[in-house]
Amino acid sequence: CPAPSALRTGNGTRICAQLYTDNSPYYDQCCAGDVLVVQPGDDVPYMPWGWRNAISSLVVGTRCDLTVWSRSGKRGSSRRFGA
């Protein structure tokens, strides 16, 4: 997985989080598959089509927090992730 401080686009813009569809018990094989990029300031109450129950691993950048909910529309229990 990339280091939290290394989350940047090709032009150097900071990324707050990257979510991945594939995971593995072996750390060097984690963070694979499709990638969903979360930009600073993004507020997404509903997951994009095809991403529901698909995220297996994630990396949150430095100086960012990612809050997820168990139900759509920011309902249900929540959990916050940081770098």
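The values are calculated or read from the model by the stated rules, or taken from the named source; none is laboratory data. Just so it is clear, the model here is predicted, and its values are computed rather than measured. All Cβ positions, even for glycine, are placed from backbone atoms using ideal geometry, and neighbour counts span all protein chains on display. Remember, those area values only see protein heavy atoms, side chains included, never the ligands or the DNA or RNA. Shrake-Rupley method; radii C 1.70, N 1.55, O 1.52, S 1.80 Å.
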**Request:** For the stretch 70-83, name all the residues that are in contact (Cβ under 8 Å) with a residue 12 or more places away in the chain and either open to solvent by 80 Å² or more (accessible area, probe 1.4 Å) or not hydrophobic (A, V, I, L, M, F, W, C) (or both).
**Result:** Ser72, Gly73, Lys74, Arg79, Arg80, Gly82, Ala83
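Of the residues Thr21, Thr67, which single one is among the β-branched types (Val, Ile, Thr), surrounded by 14 or more Cβ atoms within 10 Å (Cβ to Cβ) and in a strand (DSSP E or B)?
Thr21
For the stretch 53-64, give me the residue count where each residue is assigned to a loop (DSSP other than H, G, I, E, B) and modelled with pLDDT under 90.
4
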**Prompt:** Can you tell which of Gly41, Gly10, Gly50 is open to solvent by 40 Å² or more (accessible area, probe 1.4 Å), of a type in the set (Gly, Ala, Ser) and at pLDDT 90 or above?
**Reply:** Gly41
**Asked** Cys31: surrounded by 10 or more Cβ atoms within 10 Å (Cβ to Cβ) and touching a strand residue (DSSP E or B) at 6+ places or on another chain (Cβ under 6 Å), yes or no?
**Response** yes
**Message:** Just the residues that are closer than 18 Å to Ser5 by Cα and open to solvent by 40 Å² or more (accessible area, probe 1.4 Å), please, taken from the stretch 53-64.
**Reply:** Leu58, Thr62, Arg63
**Complete:** Log entry, pairs with first residue in the stretch 26-55 being in contact (Cβ under 8 Å) with a residue 12 or more places away in the chain, second being part of a loop (DSSP other than H, G, I, E, B) and loosely packed, with under 13 Cβ neighbours inside 10 Å, beta carbons closer than 6 Å, six or more apart or on different chains, reads Cys30/Ser24; Pro45/Gly73; Tyr46/Ser72
